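The values are calculated or read from the model by the stated rules, or taken from the named source; none is laboratory data. Keep in mind that what you see is a predicted model, and the values were worked out from it rather than measured. As a convention, Cβ positions derive from the backbone with ideal geometry for all residues, glycine included, and neighbour counts pool all protein chains shown.
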Amino acid sequence: MAIQANHSALLSHMEEARRQTQHQIDLIDRQITRRMTALIPRLGRRQQGYRRGKAADPGAFLERYRANLSALTAERQPEIDALSRKLARQDAAIAAVRARLEIRIPGSNSDPDAYLSLPQPLITEDLRR
């Protein structure tokens, strides 16, 4: 029973570390969004009205927006990739610990293959993806 308590404590620490890693990824995403929001006014006013009989290109703003977004994302891409790999390793480790924590239900004669698992917290980040 003490071993199971140690595994439960280990599992909760691992889940907290996973939440922190996910928080770091979300923070980077919010930083990129904030920087893009600050750039929008500068992206919009390149050509006012008609110039030499030509109408303003409606797709030019989107092209400039996408180019700036990809540049900002490319700056942070190594960090995002490293955190994503770390998150995948944490998910695999948590799944392995959860699998080890499954125990047989004592005194269950009707179903010898019945298992009892410790409660697994609902991870909302996984549901949003």
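Every residue, every condition in (1) part of a helix (DSSP H, G or I); (2) modelled with pLDDT of 95 or more; (3) in contact with a strand residue (DSSP E or B) (Cβ under 7 Å, 6 or more places away or on another chain); (4) small (Gly, Ala, Ser), yes or no:
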position	(1), (2), (3), (4)
ALA17	yes, yes, no, yes
GLN24	yes, yes, no, no
ARG30	yes, yes, no, no
GLN48	no, no, no, no
GLN77	yes, yes, no, no
SER84	yes, yes, no, yes
ARG98	yes, no, no, no
Leading residue by the ranking (nearest to SER12 (Cα to Cα)) among those in the stretch 58-98 that are over 13 Å from the mean Cα position of the chain (by Cα) and polar (S, T, N, Q): GLN77
